[in-house]
Amino acid sequence: MKIVETAVALRAELAGQRVAGAIVGLVPTMGALHEGHLSLVRAARTRCDVVVVSIFVNPLQFGPDEDLASYPRPREHDLELAAAEKVDVVFFPSVAEMYPADRSTVVEVGPLGEVLEGAERPGHFSGVATVVAKLFNLVDPDIAFFGQKDAQQAAVIKRFVADLSFDVQIEVRATVRDSDGLALSSRNAYLTPSQRLQALALHQALREGEAVVTETGDIDRAEKKMWEILSVGDLVPDYTRCVDPETFLDPQPGGPVLLMVAARIGTTRLIDNVLATTDGGG
Ligand code: PAF
């Protein structure tokens, strides 16, 4: 496994593979790797000849009061996990490497990036799209892999890839959960045992909300139900919404419904979602 820290070294490393016609897969991450990331790496391994994992805690996607400084950065452990999955190249750039002091261009993602997570975290999706666009230009992957847990992020990325004609296929893979249902997230590391137990309410809210949607088609009721479930103990809901999985606006009658929740527990903010299908109720 090669570990490269500069754009020049990354391009040099991949140039030969390109000439040989290799299919290159990219798994972009912010590190603190867990089974969710590893499932993406395994998917990349089965689909691609060369697997590149990027590890970069991207300052552009954090708001001023968010957890950029405390975000976990277990470099050696991440490298061990990547090596065990037979990753070919880990791209581990510094902030200065990715963002020269005189940079000024960002990717603006439009309305899709302004609702839900985008409304709660202004500028977040522009930061995500900017770094992912840079990674696509640096790696030039044939396929890039993202997790469904960040459903809106995946939709934003598909949108800018289409809008800006990036030549990359986006694969979105299922959320990986612990056996009790908690969606894996690098931010779970912040939770105390008691907070982790309470955080199970996110998955419970989604399951109960999904049951309301599939049995009655009543999305208002589902949203209220999820809000109630997330308003207990130390949990504070940010939003509980049922949306169209492509526009992230109200679902089409009888169309697919993505249930999304976000809640805070202490200083930790968690998100989760599930896709339900309604035949319009009845
Ligand atoms: O999902 C993440 O870990 C990040 O948002 C990503 C896609 C690596 C961009 O920094």
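Selection within segment 93-104: residues that are open to solvent by 30 Å² or more (accessible area, probe 1.4 Å) and either at pLDDT below 95 or in a loop (DSSP other than H, G, I, E, B) (or both). The member of this set that is nearest to L14 (Cα to Cα) is S94. Per the listing V172, V232, the residue uniquely in contact with a helix residue (DSSP H, G or I) (Cβ under 8 Å, 6 or more places away or on another chain) and either without any contact (Cβ under 8 Å) to a residue 24 or more places away in the chain or part of a loop (DSSP other than H, G, I, E, B) (or both) is V232.
Within segment 37-65, restricting attention to residues that are part of a loop (DSSP other than H, G, I, E, B), free of Cβ contacts under 8 Å to residues at least 60 places away in the same chain and surrounded by 14 or more Cβ atoms within 10 Å (Cβ to Cβ), the residue that is farthest from the ligand (Cβ to nearest atom) is D49.
Looking only at residues of segment 134-157 that are β-branched (V, I, T) and outside any strand (DSSP E or B), we find that the one that is nearest to the ligand (Cβ to nearest atom) is I157. Selection of segment 105-129 for residues being in contact (Cβ under 8 Å) with a residue 24 or more places away in the chain, of a type in the set (D, E, K, R) and either open to solvent by less than 20 Å² (accessible area, probe 1.4 Å) or not in a helix (DSSP H, G or I) (or both) yields E117, R121. Beta carbons closer than 8 Å, at least 6 apart along the sequence or on distinct chains, pair a first residue in segment 152-169 that is under 16 Å from G123 (Cα atoms) with a second that is of a type in the set (D, E) and in a helix (DSSP H, G or I) for Q152/E117; Q153/E117. Out of all the residues in segment 26-35, is one or more at pLDDT 95 or above, under 20 Å from the mean Cα position of the chain (by Cα) and assigned to a helix (DSSP H, G or I)? The answer is yes, given that some residue of segment 26-35 is at pLDDT 95 or above, under 20 Å from the mean Cα position of the chain (by Cα) and assigned to a helix (DSSP H, G or I).
Suppose we filter R269, R264, R173 for residues that are open to solvent by less than 60 Å² (accessible area, probe 1.4 Å), within 28 Å of L68 (Cβ to Cβ) and basic (K, R); which single one remains?
Values: R264 fails: open to solvent by less than 60 Å² (accessible area, probe 1.4 Å); R173 fails: open to solvent by less than 60 Å² (accessible area, probe 1.4 Å).
The match here is R269.
For S194, indicate whether it is in a helix (DSSP H, G or I) and of a type in the set (S, T, N, Q). It is true that S194 is in a helix (DSSP H, G or I) and of a type in the set (S, T, N, Q).
The values are calculated or read from the model by the stated rules, or taken from the named source; none is laboratory data. Quantities reported herein were computed from a predicted structural model and do not represent experimental measurements. Cβ: placed from backbone, ideal geometry, glycine included. Neighbour counts: every protein chain shown. Keep in mind that these areas ignore ligands, DNA and RNA; they rest on the heavy atoms of the full protein, side chains included. Shrake-Rupley method; radii C 1.70, N 1.55, O 1.52, S 1.80 Å.
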